[in-house]
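The values are calculated or read from the model by the stated rules, or taken from the named source; none is laboratory data. Model, not experiment: these values are computed from the prediction. No Cβ is skipped: glycine too gets one built from the backbone with ideal geometry, and neighbour counts run over all protein chains shown. When the accessible area is computed, the model is the full protein with side chains, heavy atoms only, and any ligands, DNA or RNA have been set aside. Shrake-Rupley method; radii C 1.70, N 1.55, O 1.52, S 1.80 Å.
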Amino acid sequence: MKFTLNWLQDYVDTTSLSPDQLADRLTMLGLEVDSVTPLYQELSPLKTGLVISSEKHPNADKLNLCHVDVGKETVQIVCGAPNVREGLSVVVALPGTILPGNFKIKKSKVRGIESFGMICSERELGLSDEHTGIMELAEGTEQGQTFIKATGLDDVLIEIDLTPNRPDCTSLIGVAREICGIISKPLQIPVVTDVIKQTSTNFSVTVESDELCPRYAGKLIKNIQIGPSPWWLRRLLISVGLRPINNIVDITNFVMLEFGQPLHAFDFDTLADGKIVVRTPRSNETTFTTLDNIKRTIDSNMLLICDGEKPIAVAGIMGGLDSEVTNATTNIFLESACFNAVSIRKTAKRINISTDASYRFERGVDPDITIKALNRAVDLICEIAGGEVPEDGIDVYGGQKDPSPLTLRVSRTNNHLGIDLDSEDMAALLESIGIDCKNKDTDTLLVTPPSFRIDIEREADLVEEIARLYGYDNIPVTLPKVNLSFPVQESNRKRRGDLSINLTSINYTEAINYSFVSEKYSDFLSLSPNDQRRHNVALLNPISEDQAILRTMLLPGLLENVKRNISFQKTAVKMFEIGKVFTPVDINRQPIEKTRLTAVLSGNRYGESSSLYYKNDSVDIFDAKGSVEFIIDNLGLTFGSNTETIQFKQPEKGTCEPYAEPAYSLVLCNNDKILGTLGKIKADILRNFGIKYAVYYYDLDFDTLCDLKISDNNFTPLPVYPSVKRDIALIVPLSVSSGELLNVVQSSRDKLIESSEIFDIFQGDKIPKGFKSVALSITYRSQTKTLKEKNVGKSHSKIVHLLTEKFKGSFRDA
């Protein structure tokens, strides 16, 4: 929105504010000022002059030799304009003056006669394209004045960047109303009536859709004379960047900028049957030629202004070529209407036109100013173009709506804004910008938003108005009360984050898959019909068939990741995911969400970028087992053989996961509680996923692991006394696992045993059939003294006896 300071003065007295102060006030009101620009300062050296005499040039037929009084002197100027004459007030550029376009005026000889300057046309001054003659100033203009001051061009242009919710400020009156609210000055609106006294019988108006056109009004003005506008009108339009065309078009543009109501004038004699019909296109109407002589495609959703036969304008955007006002026009139909904002916005976008009218209609035009703007334009047309003042017209207001009052609570407003105003203060602020208020009680105002404020829909909007008008700078600055205590973080979330970082440190990659999966995965993994993981939550509106249910396992998603990596020739995969799985309860309850940790391992143990010094070994069950031990240790849990710690067990017969090889399966448990499983995935299961390489996995209940008691970290000083090592080689049945031997040693609770490990397992000719030799190394140490052979021998004999008795084994001498 552009306007000049002098133009604004016609509606509100702003002499108490400088242009910069006014810009600051407008910006604080929410009307952000983009620029404040003094106008036509480059024309300040030009002077007004009076042509004292004008004679034919002695050496040229089309030139005149003029003597021009410029105040302090009379200068001789050669001029070729056809309209130069004695007694004419003109604009003079003396030698040394630089005109727009960097054209410097110099003393020169024209056909042998000296010329001391130039009499200027409007085009040479950069005011318009008019150059058929020199610019004629008003009769009686005093010579020798600064041109821009004598003509009112010495002004300041202010440009506002409006938000879409403030269509009321697309007019001078709207901006002036806002300023009145902050400087307590009255708003001066041109005195015009807002009614049409009688209905015209010279034409008719039909509106087919009140929703698309809530209000349509018009008047017929006869016997006008088309011509140029007076200087005051052209000056105002030029100042804001509009090009003067003729008196009728200029008046409609002037009223649009003044009231914010776009108007359009039709040549009435071109309207078939004297009818105006506001409607959408008929089936045979597919194109329309607009004023810019471009044929545009129209569709059935666009709103048109039509006569008795054909379309004559695209409603709210642009008129038609066939009905435009020309120099031969004598009778015009003047339209003032309110159109549906959404309809105009869509139409303007489809036909790729943006005009000053569509800019305003797209944001919403006040239907209550339709007649005021119409009557204002009619008065100006009759004054300037000599038309007959019509008393009659037509006003079709089918979309009229009764205003709905809003409730504004004074105490709540004060609490929100941190101020202390009573109801009278708030009412005074709102009424200063034309918003009607009534007291409901001491703490409540009934506020009726005016029709021009379409953005006020609820109490919060009124609170914002109070803040704007009271002044954001006047609202006390207070720091918010903030609790400085450190927020307690969810322990499981932190442990999950730490574990993810630690797993990536041992060459794992974290995966994040969709929670939506395909039902086919249950069959791919050979889950039994009674398996709880086959019971799933189906989505009502799935993205696709492959994402139709909520997952009950993380493993299928990771196997798809393995397949994708292998398809890109990345066969070394170590990948994990920590995510939610969903177990249905019943139709009226949300599913149970549990967090699980699942990982898959495949290919080279050392990854794609393994060192040349490492063998090209593939992962096996011990890599998976070692990773689980790493996880348990990172979670601060204890691995051991007693009932209070976590341990690995072989699954009982028939309890192995259906997708895992029984010979390569382990169960992680704590007491009788299963914490997870690990093992090697069957080859036929992998084929279902399109994988040809061996894949190992582990699947852990992360929530349950986090619920287990974390081992206490106790300080143990470095040992002072030396250790003693003893080896035991026992022959035991093949059915005895080597780990069981270690468990017995660790659970013996001998206070001298520091550690134990298996260093050899042997089967051969010297070992009886059905047996194996297991060699253990046991480290003994005392925290209080140096051990003697007697002390070590006693503990060692006890361990040997315990092992041979429990496992029916024999001591191997060699």
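Residues that are surrounded by 17 or more Cβ atoms within 10 Å (Cβ to Cβ) number at least 2 in the following strands (runs of 3 or more DSSP E) confined to the range 239-348: 263-267, 275-279, 304-306, 311-314, 332-338. Checked against the criterion of being touching a residue at least 60 places away in the same chain (Cβ under 8 Å), of a type outside the set (S, T, N, Q) and surrounded by 14 or more Cβ atoms within 10 Å (Cβ to Cβ), the range 649-662 contains one or more residues that satisfy it. Filtered by the rule that a residue be within 21 Å of T37 (Cα to Cα) and open to solvent by 70 Å² or more (accessible area, probe 1.4 Å), the range 117-157 gives a lone residue, K149. Residue pairs whose Cβ atoms lie under 6 Å apart, sitting 6 or more positions apart in sequence or on different chains, and linking a residue in the range 242-257 that is under 14 Å from A377 (Cβ atoms) and modelled with pLDDT of 95 or more to a partner that is surrounded by 20 or more Cβ atoms within 10 Å (Cβ to Cβ) and of a type in the set (K, R), are V255/R376. Selection of the range 185-242 for residues being more than 30 Å from P281 (Cα to Cα) and of a type in the set (F, W, Y) yields W231, W232. Does T141 count as among the β-branched types (V, I, T), on the phi < 0 side of the Ramachandran plot, at pLDDT below 95 and in contact with a strand residue (DSSP E or B) (Cβ under 8 Å, 6 or more places away or on another chain)? Criteria met by T141.
Could you list, in sequence order, the residues of the range 768-814 that are outside any loop (DSSP other than H, G, I, E, B) and farther than 15 Å from S748 by Cβ? Passing the criteria: F771, K772, S773, V774, A775, S777, E789, K790, N791, G793, S810, F811. Checked against the criterion of being closer than 25 Å to V517 by Cβ and among the polar types (S, T, N, Q), the candidates S618, S627 yield just one match: S627.
Each row is one residue, and each column tells you yes or no for (1) touching a Gly at 6+ places or on another chain (Cβ under 8 Å); (2) basic (K, R).
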residue	(1), (2)
T330	no, no
F333	yes, no
C338	yes, no
A341	yes, no
K346	no, yes
S354	no, no
R360	yes, yes
R363	no, yes
D368	no, no
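Going through (1) without any contact (Cβ under 8 Å) to a residue 40 or more places away in the chain; (2) touching a strand residue (DSSP E or B) at 6+ places or on another chain (Cβ under 8 Å) one by one, Q21 falls short only on (2).
For the range 477-507, filtered to residues that are modelled with pLDDT of 90 or more and in a loop (DSSP other than H, G, I, E, B), the residue that is surrounded by the most Cβ atoms within 10 Å (Cβ to Cβ) is N507. The one condition from (1) more than 19 Å from L527 (Cβ to Cβ); (2) free of Cβ contacts under 8 Å to residues at least 24 places away in the same chain that L637 does not meet is (2). Taking the listed residues D24, D34, D13, D61, the one that is open to solvent by 30 Å² or more (accessible area, probe 1.4 Å), among the acidic types (D, E), modelled with pLDDT under 95 and assigned to a helix (DSSP H, G or I) is D24, with no other qualifying.
Run down R534, R596, R564 and say which single residue is charged (D, E, K, R), within 23 Å of V628 (Cβ to Cβ) and open to solvent by 30 Å² or more (accessible area, probe 1.4 Å).
Just one listed residue meets the conditions, R596.
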